[in-house]
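*Asks:* Can you read through this structure? Questions will come right after.
The values are calculated or read from the model by the stated rules, or taken from the named source; none is laboratory data. Only a predicted model underlies this, so the values are computations on that prediction, with no experimental measurement involved. All Cβ positions, even for glycine, are placed from backbone atoms using ideal geometry, and neighbour counts span all protein chains on display.
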Amino acid sequence: MLQDIIQDFARRMESRLQEISTEFTQQLDFAGLEKALNEECGRLNAELQEAVLGALLLDTFFLSLLKVYAGQRGMRYKEHRKITITLSNGWRIQVNSPYFIKAKAHGRRRKRGPNGTGAHWALTVLGLIGHVSPDLLSAAVQMALLCPSYEVACTVLNGRGITLDVKALRRLCRLAGRPDNRLRGRIALSGQESLDGYTLVISADGGRLRERKRKRGRRAARLKRQGYHSEWREPKLFTIYLTDTEGNVVKEFKPLHDATMGDHEAMFALLETYLRNLEIEQLDRLVFCGDGGPWIWNGVEKLCKRMDLAQHRVYQVLDYTHAKQNLEEIVELVVSAKQAAARRKWEDLLWHGRIDALEQSIKEAVTGKANREKALKKFAGYFAANQERMQYASFKKQGLPRGSGHVESAIRRVINLRLKAPGTFWLKDMAECFLFLRSQMISGRWEIFMGNLTSLTRRAFWPLYVAHQDSYDLPKAA
C-alpha cells in the first residue's frame, strides 16, 4: 500500500513539477513555489499517515488488546466508526476507529437510559487528543497562549493551512490544560532531574487578572444577553529553580512554574505535589523567598510541618528590594534634610541584619508623636516580625538568594502579558488552564509536558502491548 502511494506521488509530481517550475520562472514568485511544493508534500504526508494508522486500527490482534484494556475500565467494543483526524499540516484524514461504550451492568437488573459517552481508545492510547495529531495540538495551543486572543490565533493558524475555529481552539486548550493536581506535580518532569548537592529555591507571589462571572437573575427584556461581573482576582504563582553552593543558577535544570486561581492553601497544596515528585532528600538546602505577605510565611511553616522537612536545611528569605521599599515608608517620616543620611544608615543596618539597632535609630530620627507611632508600628509589623528572614549579609556569604526577582519575572510573563491584558475577562476554569499551560511554556518545559501528556494513556496500555507483541506480527501498511 505504501509503495502504491509513493508511486502515485512520483507520477503526479512528474507533470506537477514542470507546471510549478514554469510558474516560478515566469512570475519569480518564490512564495508561490514554496506553497505549491508544501501542498504536494503535505498531501503525501497525509496519505502515508492515513495508510499506516488505518492498517493498525483495523488489525484484529490490536483490537483484541484494546478490548482487554477497555474492559479493565468498564467499557466494551461496539463497532468501528469513521472518524476525521486533523494533522499538523492542516490536512484531514479519515480512518475506521474502534468505538467503545460503557459495559452493561451484570445481572438481571438493567440500568435505565443510554450507556453513556463512548471512547475511541485506539486513538487515545496513540496520543491523539481531541481528534488531532500531537504536533497540531502542541502548535495550536501554543498559538492560543502567545496570541492576544483566540481570534488572532485562529487567523495565524489559517495562514499556515490549519483551519480551526475559536470553539475548536478553546476546546483543545481545555483538553491540554486540565490535568488534576497530582498529575500537575509530575507531568512537567522528565525524570532526569538531578538535585544532588544543590540548593532548591522556591518563590511565591500573587498576580492580577479579571474573572468573568455571570450576573444572577433573569435577563432583562431590553438586553440581548445576560450581563456579567468582572472582579479582580489574585492568582497565586510559584517558581522553583536550582542554585549551586556559590549561589549561581544551575542552567541544566529548567525552572518549574505553576499557578492557580485557588487561594494560598490551594497553591501550597499544588507546590507540595511538585516537591513530593522531586527527590528533595538529595538537596543540601531548601530556600523559600517572597515578599512580606503573611500568607506566604504561614503557608511555608505549614508545608514544612506536613512534609517533615529538616529545619536546619530550610531557609526563609524576605526579598531585599521589598524590604527597602517598606523601609522607605519610614524614611519619608524623617525631616527632609535628614532623609538621605537616615536612608544610608538604615539600609546598611538592614543589610547586616541588625534589626534591633535599626529600631533604636528609628526612635531617635523620627520626631513627632504621630510620626513616631506610625514608624514603630510599621517596624513592628514588618521588620521585627521578619527579623530572621532579613540576614542578607549572612545569606550572601552562604551563597543563598536575597531576592524574589525570579517569581516577579514569572508573574509578568505568565500572567500579565496574556491574562491581564486590557479588556480581557476570564472564566475561572479557562484561567486555570491558561495559568498552567503558560507556566509550562514560559519555563521551557513545553516539550517535556507535551511528551508526557500524549503518552499518559500509552504508558497504561504499554505493558499489555509488550506482553503479547512477540506472539503476533503487527500489521504493516505495505
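*Asks:* Quick one: which residue in 169, 164, 183 is more than 23 Å from residue 268 (Cα to Cα) and either in contact with a Pro (Cβ under 6 Å, 6 or more places away or on another chain) or assigned to a helix (DSSP H, G or I) (or both)? Don't jump to the end; show me each part of the working.
*Replies:* Values: 164 fails: either in contact with a Pro (Cβ under 6 Å, 6 or more places away or on another chain) or assigned to a helix (DSSP H, G or I) (or both); 183 fails: more than 23 Å from residue 268 (Cα to Cα).
Going through 169, 164, 183 in turn, just one is more than 23 Å from residue 268 (Cα to Cα) and either in contact with a Pro (Cβ under 6 Å, 6 or more places away or on another chain) or assigned to a helix (DSSP H, G or I) (or both): 169.
*Asks:* Filter the stretch 81-102 down to the residues that are surrounded by 16 or more Cβ atoms within 10 Å (Cβ to Cβ) and farther than 30 Å from residue 11 by Cα and list them by number. It would help to see each step written out before you state the result.
*Replies:* Taking the stretch 81-102 first, the residues surrounded by 16 or more Cβ atoms within 10 Å (Cβ to Cβ) are 83, 85-91, 93, 95, 97-102.
Passing the criteria: 97, 98, 99, 100, 101, 102.
*Asks:* Being acidic (Asp, Glu) and surrounded by 12 or more Cβ atoms within 10 Å (Cβ to Cβ) is the filter; apply it to the stretch 184-233 and report the residue that is modelled with the lowest pLDDT. Spell out how you get there, then give the answer.
*Replies:* The first filter runs over the stretch 184-233 and keeps only residues acidic (Asp, Glu), leaving 193, 196, 205, 211, 231.
From the residues that got through so far, the ones that are surrounded by 12 or more Cβ atoms within 10 Å (Cβ to Cβ) too are 193, 205, 211.
Numbers: 193: 90, 205: 96, 211: 94.
For the stretch 184-233, the residue satisfying everything is 193.
*Asks:* Which of the residues belonging to the stretch 422-470 are closer than 17 Å to residue 181 by Cα and aromatic (Phe, Trp, Tyr)? Lay out the reasoning, then the answer.
*Replies:* Step one: list which residues in the stretch 422-470 are closer than 17 Å to residue 181 by Cα, which gives 428-440, 449-450, 452-453, 456.
Passing the criteria: 434, 436, 449.
*Asks:* Got at least one residue in the stretch 386-398 being in contact with a helix residue (DSSP H, G or I) (Cβ under 8 Å, 6 or more places away or on another chain), of a type in the set (S, T, N, Q) and surrounded by fewer than 17 Cβ atoms within 10 Å (Cβ to Cβ)?
*Replies:* Taking the stretch 386-398 and keeping what is in contact with a helix residue (DSSP H, G or I) (Cβ under 8 Å, 6 or more places away or on another chain), we get 386-387, 389-390, 392-393.
The next check asks that each one be of a type in the set (S, T, N, Q); those that pass are 386-387.
Checking the rest, the ones that are also surrounded by fewer than 17 Cβ atoms within 10 Å (Cβ to Cβ) come to 387.
For the stretch 386-398, residues in contact with a helix residue (DSSP H, G or I) (Cβ under 8 Å, 6 or more places away or on another chain), of a type in the set (S, T, N, Q) and surrounded by fewer than 17 Cβ atoms within 10 Å (Cβ to Cβ): present.
*Asks:* Let me ask something else. Restricting attention to the stretch 286-314, and to residues there that are among the acidic types (Asp, Glu) and surrounded by fewer than 19 Cβ atoms within 10 Å (Cβ to Cβ), which single residue is nearest to residue 234 (Cα to Cα)? Give the derivation first.
*Replies:* Keep residues of the stretch 286-314 that are among the acidic types (Asp, Glu), which gives 291, 301, 308.
Of the ones still in play, those that are also surrounded by fewer than 19 Cβ atoms within 10 Å (Cβ to Cβ) are 301, 308.
Working: 301: 22, 308: 29 Å.
Within the stretch 286-314, the match that is nearest to residue 234 (Cα to Cα) is 301.
*Asks:* Here is a follow-up. Is it the case, given these coordinates, that residue 239 is in contact with a strand residue (DSSP E or B) (Cβ under 7 Å, 6 or more places away or on another chain), at pLDDT 90 or above and either not assigned by TED's automatic domain parsing to the domain that holds residue 271 or not small (Gly, Ala, Ser) (or both)?
*Replies:* Values: in contact with a strand residue (DSSP E or B) (Cβ under 7 Å, 6 or more places away or on another chain): yes; at pLDDT 90 or above: yes; either not assigned by TED's automatic domain parsing to the domain that holds residue 271 or not small (Gly, Ala, Ser) (or both): yes.
The answer is yes for residue 239.
*Asks:* Name the single residue that is farthest from the chain's Cα centre (by Cα) among those in the stretch 399-413 being closer than 11 Å to residue 205 by Cβ and surrounded by 16 or more Cβ atoms within 10 Å (Cβ to Cβ).
*Replies:* As a first pass, look at the stretch 399-413 and keep what is closer than 11 Å to residue 205 by Cβ: 404-412.
Okay, now just the ones that are also surrounded by 16 or more Cβ atoms within 10 Å (Cβ to Cβ), so 404, 406-408, 410-411.
Details: 404: 20, 406: 17, 407: 15, 408: 17, 410: 12, 411: 13 Å.
Top of the filtered list is 404.
*Asks:* Tell me, yes or no, whether the stretch 173-180 has at least one residue that is small (Gly, Ala, Ser), in a helix (DSSP H, G or I), within 17 Å of residue 427 (Cα to Cα) and touching a residue at least 40 places away in the same chain (Cβ under 8 Å).
*Replies:* Yes, there is a match, as at least one residue in the stretch 173-180 is small (Gly, Ala, Ser), in a helix (DSSP H, G or I), within 17 Å of residue 427 (Cα to Cα) and touching a residue at least 40 places away in the same chain (Cβ under 8 Å).
*Asks:* Moving on to the next point. Within the set of pairs 6+ apart or on separate chains, which have a first residue in the stretch 245-256 that is closer than 11 Å to residue 194 by Cα, a second that is part of a strand (DSSP E or B), and C-beta atoms under 7 Å apart?
*Replies:* From residues that are closer than 11 Å to residue 194 by Cα, the pairs are 250/242; 250/243; 253/241; 253/242.
*Asks:* With respect to residue 335, determine if the residue is within 39 Å of the chain's Cα centre (by Cα) and in contact (Cβ under 8 Å) with a residue 24 or more places away in the chain. Even if it seems obvious, please write down each step before you answer.
*Replies:* Working: within 39 Å of the chain's Cα centre (by Cα): no; in contact (Cβ under 8 Å) with a residue 24 or more places away in the chain: yes.
In short, no.
*Asks:* Considering every residue within the stretch 367-386, establish whether at least one is in contact (Cβ under 8 Å) with a residue 40 or more places away in the chain and part of a loop (DSSP other than H, G, I, E, B).
*Replies:* Within the stretch 367-386, none of the residues are in contact (Cβ under 8 Å) with a residue 40 or more places away in the chain and part of a loop (DSSP other than H, G, I, E, B).
*Asks:* Take residue 347 and decide whether it is modelled with pLDDT under 95 and either part of a helix (DSSP H, G or I) or under 24 Å from residue 287 (Cα atoms) (or both). So that I can check it myself, show each step before the final result.
*Replies:* Values: modelled with pLDDT under 95: no; either part of a helix (DSSP H, G or I) or under 24 Å from residue 287 (Cα atoms) (or both): yes.
When the stated conditions are applied, residue 347 does not pass them.
*Asks:* Just for the stretch 356-382: of the residues that are over 23 Å from residue 336 (Cα atoms) and either outside the structural domain of residue 397 (by TED's automatic domain parsing) or not small (Gly, Ala, Ser) (or both), which one is surrounded by the fewest Cβ atoms within 10 Å (Cβ to Cβ)? Before you say what the answer is, go through the steps one by one.
*Replies:* Step one: filter the stretch 356-382 for residues over 23 Å from residue 336 (Cα atoms), giving 356, 380-382.
With the extra rule that they be either outside the structural domain of residue 397 (by TED's automatic domain parsing) or not small (Gly, Ala, Ser) (or both), the set shrinks to 356, 382.
Values: 356: 11, 382: 18.
Taking the candidates together, the pick is 356.
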